[in-house]
Amino acid sequence: MFDFKDKVVLVTGGSRGIGRAITVAFAKAGATVVFSYAGNEAAANETAQLIAPAGGRAKAIRFDVADTRACAEAVDGVVKEFGRLDVLVNNAGVAVDGLVMRVKDEDWNKQLDTNLKGAFALIRAASRPMMKARAGAIVNLTSVVGEMGNAGQAAYAASKAGLIGLTKSIARELASRNIRCNAVSPGFIGTDMTAHLPEDTRAKMMEAIPLARLGTPEDVANAVLFLASDAAAYVTGEVLKVNGGMYM
């Protein structure tokens with residue numbers, strides 16, 4: 001559907017779930033994909049094995065996106081090895097649920113550092129080679145929770161809402177260099193995180209979704225590829241909802 005031949009893509013949190021689907025989709029579209037993982041080496045190896053049969057190229061790198069120095073080193077390493085960076089996908093994220101009166105400082109910091117500060121650090125690093133090339137696409141993974149809020153997820157929602165503001169600001173700042181920045185906002189997606197939800201919780205979720213199903217990681221990946229592709233050459237600062245209509 002989309003052609004990313006000769007393009008180099010960096011996807012954070014690319015070893016599982018939505019990140020894995022994004023990584024595989026880019027590789028199938030012809031890109032060289034570098035994807036990060038935080039610690040699950042087995043999952044990273046599984047993702048790499050999915051890409052090889054499809055004829056794609058991928059490399060797994062381990063670093064913590066909450067570490068701003070590691071973010072800069074990761075981008076520098078990609079550019080040094082492959083000579084360019086065409087697309088950055090900020091997908092890595094964590095959620096530590098809890099009612100606001102019980103949220104610990106360390107839980108708040110962990111979510112803001114990973115979900116928001118990490119994305120900022122990677123954009124800051126990636127903007128340099130992209131500005132030099134006068135081309136690039138950045139896609140941030142926010143969440144329906146960042147748009148509508150959710151009880152028990154104040155920190156997570158704040159971090160994802162912050163990504164929306166970051167996306168729009170970066171879109172304005174880098175547009176003159178032909179660098180686009182957009183966001184994808186998934187709703188409830190069928191991943192390991194939702195697989196363990198109680199049946200009554202899942203039933204309530206389904207009632208709130210007009211399309212009456214959970215999304216798939218591939219649904220999200222298709223939206224990411226569109227925003228990163230030339231088909232979206234005149235799209236920047238956009239938040240593309242992939243939520244089955246649960247929030248409009």
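Quick look at the values:
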{"quantity": "Hey, residue 163 in contact with a Pro (Cβ under 8 Å, 6 or more places away or on another chain), under 26 Å from residue 26 (Cα atoms) and either touching a residue at least 40 places away in the same chain (Cβ under 8 Å) or polar (S, T, N, Q) (or both) or not", "calculated": "no"}
{"quantity": "Scan of region 77-91 for residues that are surrounded by fewer than 21 Cβ atoms within 10 Å (Cβ to Cβ) and either in a strand (DSSP E or B) or not charged (D, E, K, R) (or both), ordered by number", "calculated": "77, 79, 82, 83"}
{"quantity": "Of residues in region 218-242 being in contact with a Pro (Cβ under 9 Å, 6 or more places away or on another chain) and under 21 Å from residue 7 (Cβ atoms), the one surrounded by the fewest Cβ atoms within 10 Å (Cβ to Cβ)", "calculated": "223"}
{"quantity": "Residue within region 125-137 that is within 17 Å of residue 17 (Cβ to Cβ) and among the polar types (S, T, N, Q) present", "calculated": "no"}
{"quantity": "Of all residues making up region 195-239, the number that are of a type in the set (Phe, Trp, Tyr) and outside any loop (DSSP other than H, G, I, E, B)", "calculated": "1"}
{"quantity": "Region 183-217: number of residues that are touching a Gly at 6+ places or on another chain (Cβ under 6 Å), among the aliphatic types (A, V, I, L, M) and surrounded by 14 or more Cβ atoms within 10 Å (Cβ to Cβ)", "calculated": "3"}
{"quantity": "Candidate set from region 79-94 (those that are closer than 15 Å to residue 37 by Cα and among the β-branched types (Val, Ile, Thr)); member that is modelled with the lowest pLDDT", "calculated": "94"}
{"quantity": "Matching residues in region 175-188 - criterion: being more than 14 Å from residue 235 (Cβ to Cβ) and either at pLDDT 95 or above or basic (Lys, Arg) (or both)", "calculated": "176, 177, 185, 186, 187"}
{"quantity": "Count of region 92-136 residues which are open to solvent by 100 Å² or more (accessible area, probe 1.4 Å) and of a type in the set (A, V, I, L, M)", "calculated": "2"}
{"quantity": "Residue in region 145-157 that is in contact (Cβ under 8 Å) with a residue 60 or more places away in the chain, farther than 23 Å from residue 23 by Cα, part of a helix (DSSP H, G or I) and of a type in the set (Phe, Trp, Tyr) present", "calculated": "yes"}
{"quantity": "Check on residue 96, over 27 Å from residue 178 (Cα atoms), of a type in the set (Val, Ile, Thr) and not in a strand (DSSP E or B)", "calculated": "yes"}
{"quantity": "Hits in region 31-43 - residues which are open to solvent by 20 Å² or more (accessible area, probe 1.4 Å) and at pLDDT 95 or above", "calculated": "37"}
{"quantity": "Unique match (being at pLDDT below 95 and either crowded, with 23+ Cβ neighbours inside 10 Å or not in a strand (DSSP E or B) (or both)) among 70, 21, 52, 74", "calculated": "52"}
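The values are calculated or read from the model by the stated rules, or taken from the named source; none is laboratory data. Not measured: the values here are computed from a predicted model. Backbone-built Cβ (ideal geometry, glycine too); neighbour counts: all protein chains shown. What goes into the accessible areas is simple: the full protein's heavy atoms, side chains included, and nothing from ligands, DNA or RNA. Shrake-Rupley method; radii C 1.70, N 1.55, O 1.52, S 1.80 Å.
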